[in-house]
Amino acid sequence: SESTPDLVVVGSGFFGLTIAERCATELGLRVLVLERRHHLGGNAYSEADPETGIEMHVYGAHLFHTSNEKVWDYVNRFTSFTNYQHRVFGQYDGQVYSLPMNLGLINQFFGRSHTPDEARALIAEQASEIETSEATNLEEKAISLIGRPLYEAFIKGYTAKQWQTDPTKLSADIITRLPVRYNFDNRWFNDKYEGLPVDGYTAWLTRMADHPNIEVRLETDFFAPGHEYSADTIKGTVPIVYTGPVDEYFGNSEGRLSWRTVDLEAEVKHVDDFQGCAVMNYNDQDVPWTRIHEFKHFHPERTYISGKTVIVHEYSRFAEDDDEPYYPVNTAEDREKLLKYRELAKKEPMVLFGGRLGTYKYLDMHMAIGSALSMFENKLKPHFAEGAALHSGGVDE
Ligand code: FAD
Ligand code: UDP
């Protein structure tokens, strides 16, 4: 019929919306996006706090950064960006340090000034107890890079709180590149482009979906039985891009993949400024939260009402059945299950798996968008414009 979509996208996060926008704008396809939440946008969704008007990132603070020119050009079609540059501070043992590790932190921590060369020599000596190439877990890797004193102050307690796992049991690649800067540069990201969407994430995400050929159906779970576009009804009849959890798609047949979730507790404080910066990490292990976000600091260019601010305590824990899956834990067992799901995904006719949940990969926004642009160019466009088989390919590697 006239209303039959050419493509169904499950999930309206950055991955799903990029696919929908490209297929509608460039190929003129009719795209139906199914979203089980009451809003579009996935985890980047934000909304104004009702009491203060401060823009809150509902699923955790989202900082946009990229060095990918293609992604930067693409995102600028839908939003402009402020010149916000992210900086993070960390409390440890009664003092506040400027992260990531840099000359300022090193001088403060060791209680005297160092030239860049002196600091380099100091850290090299402290890190010499373990060869980086021989490090087999997170703790060894970190000590081999920054030495034991800095590891114990800034990494050990924070990592234990964030992962609730002994750092000697965590994979070394959680800290693949632990930046230590021998200068006073305290920018959190190294990317060429950085900023926050001028009128907010939700305005940006909404503009991506604003096309006559795109329909977003909210509060519609692909797996709920009995609706027009439920999985049982449409699987195999129309091309599908699926961005939900890959294990859920297969009814957890190979076992559940493990995730960490975060609890975010927001409260209004009756002061202009609670902590003087957007993000304060708490590196002491006996403080139960990992960090506090104060959202007004993400937009110093906006005029928010005075006398009030909103802060959010963040706590980390393993996800249970009904929790939002946030970070893939990625144990050896998880990786084994994932390989099995990838095999199943390859054989699933007319379905492509993508995004953070569909690939079980921690993807930053620019990575999710970049990966969706690749899926469009390499799979969807050849299929719809040139009749190539949609095939499997399954999960994007
Ligand atoms: P999602 O945004 O998760 O979207 C998937 C959507 O699919 C969801 O809306 C979900 O409801 C929907 N869905 C799932 N199953 C179904 C179903 N059965 N039926 C219908 N709908 C379904 N990135 C950065 O670049 N910078 C940051 O600072 C940053 N901070 C982050 C902080 C946190 C706490 C988290 C969790 C992520 C952060 N990210 C950050 C990553 C960013 O959120 C992701 O890159 C982005 O959300 C990926 O988009 P996606 O479309 O793959 O997934
Ligand atoms: N980390 C740490 N101390 C800090 C900040 C980060 O030990 O002050 C470690 C910790 O293991 C964490 C990882 O670095 O899991 C990545 O930190 P990031 O802040 O980038 O994590 P995210 O923002 O994705 O939660």
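Points to keep in mind about this one:
- Listed by first and then second residue, the pairs linking a residue in the range 157-168 that is farther than 17 Å from ASN281 by Cβ and of a type in the set (Asp, Glu) to a residue that is within 16 Å of ligand 1 (Cβ to nearest atom) and not in a helix (DSSP H, G or I), with Cβ atoms under 8 Å apart and 6 or more places separating them unless they lie on different chains, form an empty list.
- Scanning the range 123-167 for residues that are crowded, with 16+ Cβ neighbours inside 10 Å and on the phi > 0 side of the Ramachandran plot yields one hit, GLY147.
- Taking residues in the range 258-278 that are more than 17 Å from THR290 (Cα to Cα), and partners anywhere that are exposed (fewer than 12 other Cβ atoms within 10 Å of the Cβ), the pairs with Cβ atoms closer than 8 Å and at least 6 places apart or on different chains are VAL268/GLU51; HIS270/GLY307; VAL271/GLY307; ASP272/SER306; ASP272/GLY307.
- Scanning the range 86-118 for residues that are part of a loop (DSSP other than H, G, I, E, B) and either closer than 12 Å to PHE154 by Cβ or within 23 Å of the chain's Cα centre (by Cα) (or both) yields HIS86, ARG87, ASP93, LEU99, PRO100.
- Looking across the range 29-48 at every residue that is surrounded by 17 or more Cβ atoms within 10 Å (Cβ to Cβ) and in a strand (DSSP E or B), the one that is farthest from ligand 1 (Cβ to nearest atom) is identified as VAL31.
- Qualifying residue in the range 297-307 (condition: touching a helix residue (DSSP H, G or I) at 6+ places or on another chain (Cβ under 6 Å), modelled with pLDDT under 95, more than 16 Å from ligand 2 (Cβ to nearest atom) and not assigned by TED's automatic domain parsing to the domain that holds SER12): yes
- Some residue of the range 69-80 being within 16 Å of ligand 1 (Cβ to nearest atom), surrounded by fewer than 17 Cβ atoms within 10 Å (Cβ to Cβ) and part of a loop (DSSP other than H, G, I, E, B): yes
A quick yes/no check of all residues on (1) surrounded by fewer than 18 Cβ atoms within 10 Å (Cβ to Cβ); (2) in contact with a Ser or Thr (Cβ under 6 Å, 6 or more places away or on another chain); (3) not in a loop (DSSP other than H, G, I, E, B):
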residue	(1), (2), (3)
ARG177	yes, no, no
ASP191	yes, yes, no
ASP199	yes, no, no
THR202	no, yes, yes
ASP210	yes, no, no
GLU228	yes, no, no
GLY244	no, no, no
ASP247	no, no, yes
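- All positions within the range 97-135 that are in contact with a Ser or Thr (Cβ under 9 Å, 6 or more places away or on another chain) and of a type in the set (Val, Ile, Thr): ILE130, THR132
- Residue in the range 329-341 that is nearest to LEU363 (Cα to Cα), counting only those that are at pLDDT 90 or above and either in contact with a helix residue (DSSP H, G or I) (Cβ under 8 Å, 6 or more places away or on another chain) or small (Gly, Ala, Ser) (or both): LEU338
- Contact annotation: residue pairs with Cβ atoms under 7 Å, 6 or more positions apart or on different chains, pairing a residue in the range 133-144 that is over 9 Å from SER171 (Cβ atoms) with a partner that is within 12 Å of ligand 2 (Cβ to nearest atom) and assigned to a loop (DSSP other than H, G, I, E, B), are GLU139/PRO167; ALA142/LEU178.
- Hey, THR206 modelled with pLDDT of 95 or more and β-branched (Val, Ile, Thr) or not: yes
The values are calculated or read from the model by the stated rules, or taken from the named source; none is laboratory data. Just so it is clear, the model here is predicted, and its values are computed rather than measured. Here the Cβ is made from the backbone with ideal geometry for all residues, glycine too, and neighbour counts use every protein chain on show.
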